[in-house]
Amino acid sequence: MRSHSLRRVHFRLALLLAVAVLSSSPMVWSADAGQPAHDGPGHRMIWDASGMVMGENQGDELPRGCAQISGDVEITVHVGRRYAPAGYVLGYSQYEWRVPKCSRLHVTLINEDQVRHMWMLHGLPKYLYHEGMFHLEVEGERRMTGTFIVPSDDRTYFVHCDIAQHTEKGLIAQLKVGRGDGDLPGVPGISKPLFRER
Ligand SMILES: [Cu+2]
């Protein structure tokens, strides 16, 4: 990867991390359990005893540039200590997913730990997804499924768990739409670590 594009990716990642931290408001937890909230475009949130889905989009609104949904893709992700790659404490069962442009993704997150984990994807269009995010969150040993539609350009999206220290401990992954636009830094097994071990 050329150095200027690496810097660009680093900058984008730093920006995404900042946005992720700033947008982690405890307010979301005040939503009524089991009541899908519809607070305008891209702010669809479903919350139940197992966890929550934010950015749910079954196809009622398509990303600009998508004339139609190109197809359905099922993604199942396990998360937990037992999936940690060498040198890490936590892990996803997979660190990269490749999907066609304009596809509808049905993502299931299966949490195999007792603590809370997320599959939080950043960088989606903000006119469609609140804060540009699609976000699955599961408390304890449960699972959660959510659906969203990816845009029409070749791009690599940043996926992580936003719980304190979980990104650094190994929960950082990437979703490539179309050909993607390179690898993000810090993805276990794909790129160099972002954080030094302590
Ligand atoms: Cu986590």
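The values are calculated or read from the model by the stated rules, or taken from the named source; none is laboratory data. Quantities reported herein were computed from a predicted structural model and do not represent experimental measurements. Don't worry about glycine lacking a Cβ; one is built from the backbone with ideal geometry, like all the others, and counts go over all protein chains shown. Side chains included, ligands, DNA and RNA excluded: accessible areas come from the protein's heavy atoms. Shrake-Rupley method; radii C 1.70, N 1.55, O 1.52, S 1.80 Å.
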Exercise. Go through the stretch 62-121 and count every residue that is touching a Cys at 6+ places or on another chain (Cβ under 8 Å), assigned to a loop (DSSP other than H, G, I, E, B) and within 16 Å of the ligand (Cβ to nearest atom).
Key: 1
Quiz item: Considering only residues of the stretch 79-112 that are surrounded by 15 or more Cβ atoms within 10 Å (Cβ to Cβ) and in contact with a Phe, Trp or Tyr (Cβ under 7 Å, 6 or more places away or on another chain), which is farthest from Gly170 (Cα to Cα)?
Solution: Leu105
Exercise. Working only within the stretch 152-166, note down all residues that are open to solvent by 10 Å² or more (accessible area, probe 1.4 Å) and in contact (Cβ under 8 Å) with a residue 40 or more places away in the chain.
Key: Ser152, Asp153, Asp154, Asp162, Ile163, His166
